[in-house]
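The values are calculated or read from the model by the stated rules, or taken from the named source; none is laboratory data. Not measured: the values here are computed from a predicted model. Note: ideal-geometry Cβ built from the backbone for every residue, glycine included; neighbour counts use all protein chains shown. For accessibility, only protein heavy atoms count, side chains too; no ligands or nucleic acids. Shrake-Rupley method; radii C 1.70, N 1.55, O 1.52, S 1.80 Å.
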Amino acid sequence: MRVAFDVDGVVADLRSVLVREAEVLFGRALSIAPDVDEDHPLEGLNHRERQRLWRRIATIENFWETLGETEEGAVARIAAVASTRRWEVLFLTKRPATAGAAAQTQTQRWLSAKGFPLPAVYVVRRSRGAIAEALGLDAVVDDQLPNCLDVVADSHARPLLLCRGAAVPAGPAVTRAAPVTLVRSVDECLEVLAAMELRLTPALRVISDLPAARSRRSVRRAPIPRRWPRFQE
Ligand SMILES: [Mg+2]
């Protein structure tokens, strides 16, 4: 199974660092929006202040490596489940450049330091849905409803909306039958993905869940076709 995880708001805690930087820069306490990320800046800042904040962030050397995790150990847990279940994992992010290494390199180093060896990171410039379709992804995990709807509109991947402790976003996509699955934590997300994998490839999972000897025996007992199918020439 191929799964893409958004970074900020899903595994990386951008919000706390942005609030800290903004309060130092503007000298006042700020309200914290639950869904802040690089596309949805802090409440309580006007347009000019937001631009100033992002200009300040851009000067911080390797800023993206200074963030904490949204849930302690979440990256390592994703790595462990992906390794056990042999998932192919891709991290998607829209992070802008800062001083120091490229945003992709900073993100790779950060994921590696948090326990995901050899992370594949793609810095998105256009539609996440188009990427999901082009890469044949099975699922995309994101903390932003618009990104999930983008995946619904442009791909066959299943979007999982990570809505951690915040109110469920209003809208037809979540309240009606649109295929956006709500999850509350990275752990719940991994459980949903595992259940989804069982539905995607039931035969493969049954074989891989069997002890090695039994699965080898079942392969030997598989009926041999009387005639091999002809290949088109
Ligand atoms: Mg995000």
Among the numbered criteria (1) at pLDDT below 90; (2) in a helix (DSSP H, G or I); (3) small (Gly, Ala, Ser), which single criterion is violated by Gly165? (2)
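Which of the residues belonging to the stretch 48-65 are in a helix (DSSP H, G or I) and either more than 11 Å from Glu21 (Cβ to Cβ) or open to solvent by 50 Å² or more (accessible area, probe 1.4 Å) (or both)? Spell out how you get there, then give the answer.
So the first thing to find is which residues in the stretch 48-65 are in a helix (DSSP H, G or I), and the list is 48-59, 63-65.
Of everything in the stretch 48-65, those that are in a helix (DSSP H, G or I) and either more than 11 Å from Glu21 (Cβ to Cβ) or open to solvent by 50 Å² or more (accessible area, probe 1.4 Å) (or both) turn out to be Arg48, Glu49, Arg50, Gln51, Arg52, Trp54, Arg55, Arg56, Ala58, Thr59, Trp64, Glu65.
Open to solvent by less than 30 Å² (accessible area, probe 1.4 Å), under 15 Å from the mean Cα position of the chain (by Cα) and either touching a residue at least 40 places away in the same chain (Cβ under 8 Å) or within 12 Å of the ligand (Cβ to nearest atom) (or both): does that describe Val151?
no
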Condition broken by Arg164, with the remaining ones in (1) closer than 20 Å to Glu191 by Cβ; (2) of a type outside the set (Phe, Trp, Tyr); (3) under 13 Å from the mean Cα position of the chain (by Cα) satisfied: (3)
Within the stretch 103-118, can you find the residues that are in contact with a helix residue (DSSP H, G or I) (Cβ under 7 Å, 6 or more places away or on another chain) and assigned to a helix (DSSP H, G or I)? Ala103, Gln106, Thr107, Arg109, Trp110, Leu111
Which residue pairs have Cβ atoms under 9 Å apart, sit 6 or more places apart or on different chains, and have a first residue in the stretch 65-94 that is on the phi > 0 side of the Ramachandran plot and a second that is of a type in the set (Lys, Arg)? Gly73/Lys114
Ala120 small (Gly, Ala, Ser) and out of contact with any strand residue (DSSP E or B) (no Cβ under 9 Å at 6 or more places or on another chain): no
Scan of the stretch 68-82 for residues that are charged (D, E, K, R) and either open to solvent by 40 Å² or more (accessible area, probe 1.4 Å) or over 14 Å from the mean Cα position of the chain (by Cα) (or both), ordered by number: Glu72, Arg77
With the condition kept exactly as written, say whether any residue in the stretch 86-105 is surrounded by 15 or more Cβ atoms within 10 Å (Cβ to Cβ) and among the acidic types (Asp, Glu). no
Of all residues making up the stretch 119-141, the number that are open to solvent by less than 40 Å² (accessible area, probe 1.4 Å) and part of a helix (DSSP H, G or I): 4
